[in-house]
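Here's the structure, in structure tokens; my notes come after.
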Amino acid sequence: MKPALFIVCSLLTCVLCISAPLEKNHVPADSRWVVHADLERLRGSEIWSLAINEFSEKHQKKIDAITKAIGSDPTTDFTGITVYGLDEEQENAVALIYARYNKEKLISILEENEKYNQGAYRDYTLYHWLDDKTDHIKTGIFALDDLIVISDSQKQVEDFIDLLHNEKDSLETISAAPLAILASKTENPILLVAAVELSTISRGKTNRAIAQNSKQMLMTLNETDQNVYLDIALEANSLPAAEQIKEVVSGIKSFINLRHSQNPDVISLLEKTQVQLVGELVTIRFDYPSADIFDMMMNNCKFMNK
């Protein structure tokens, strides 16, 4: 798949699988990044209507099979997912899955895992199993009637339990926390990606020049008047750093343009992508008709056509 279209498809694939309004009281105040989406807003969008009708028509039997197996309809019962982390290490990331779920069916599935076992922390049962795809031991809890928490790190799950007991601060209780301030700059977008202290998170990663030159990043995905809007704001460490980021982004656009000059979809996407520099702030804005985005998904995203 072509790079630019792959990015679009990946973003929309993620959105189609997740969310509901960000619960700031469930995200620790010392988190450095958070990814969240609002499925309720997405369900009212044009692109959801087009995508779910097409997907359901082709894959209703698969949807029914999943619903029977786990006790939840993947198209309606998963109301939210938030993923956050204190650093860039995957094993320290925590996923919060908001859903109407069948606890008994999920436990019966876990019991079939070769590494399944149980532990305890406070008044919660800790469930452990092996993730065959990553070869990592996962730890999960049924935190609330509509919330499941999963992480590679048992400590992070235990810390979340402490958060529920009001023994750790959250983005709600510490509204002055950097990530809380950043996440508050937008109101319930379809997709939210926010990160602070990017230069320290990416320290030692030589292939992450943009992150190393940035203080923080806010990305939102929305749909208004049947148009999809993607906005990215990168606050740089300095004016020279901001200029470098803008040059890197412009260079990426030029490379894609050269590489795919014969593809009208790619060229159209590039033409709709605006990059601007205002002081130490680099902004990237993209907007496109929802129906046209859906057509690109159908033409280029394998998951929509299988």
>> Among (1) open to solvent by 40 Å² or more (accessible area, probe 1.4 Å); (2) among the charged types (D, E, K, R); (3) modelled with pLDDT of 85 or more; (4) within 22 Å of Val35 (Cα to Cα), there is one condition Asp225 misses while meeting the rest; what is its number?
In response: (4)
> Here are some conditions: (1) in contact (Cβ under 8 Å) with a residue 60 or more places away in the chain; (2) surrounded by 19 or more Cβ atoms within 10 Å (Cβ to Cβ). Lys138 meets all but one. Which one does it not meet?
Replying inline: (1)
> Condition test on Val249, is it in contact (Cβ under 8 Å) with a residue 40 or more places away in the chain and under 25 Å from the mean Cα position of the chain (by Cα)?
Replying inline: no
> Do we find that Ser250 is more than 29 Å from Gly85 (Cβ to Cβ) and either assigned by the TED database to the domain that holds Gly80 or of a type in the set (Ser, Thr, Tyr) (or both) in this structure?
Replying inline: yes
> Among the residues of region 277-292, which ones are within 23 Å of His260 (Cα to Cα) and either open to solvent by 80 Å² or more (accessible area, probe 1.4 Å) or not assigned by the TED database to the domain that holds Met217 (or both)?
Replying inline: Arg285
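The values are calculated or read from the model by the stated rules, or taken from the named source; none is laboratory data. Since the structure is predicted, the reported quantities are computational estimates derived from the model, not experimental observations. As a convention, Cβ positions derive from the backbone with ideal geometry for all residues, glycine included, and neighbour counts pool all protein chains shown. Side chains are part of the model used for accessible areas, which takes the heavy atoms of the whole protein and leaves out ligands, DNA and RNA. Shrake-Rupley method; radii C 1.70, N 1.55, O 1.52, S 1.80 Å.
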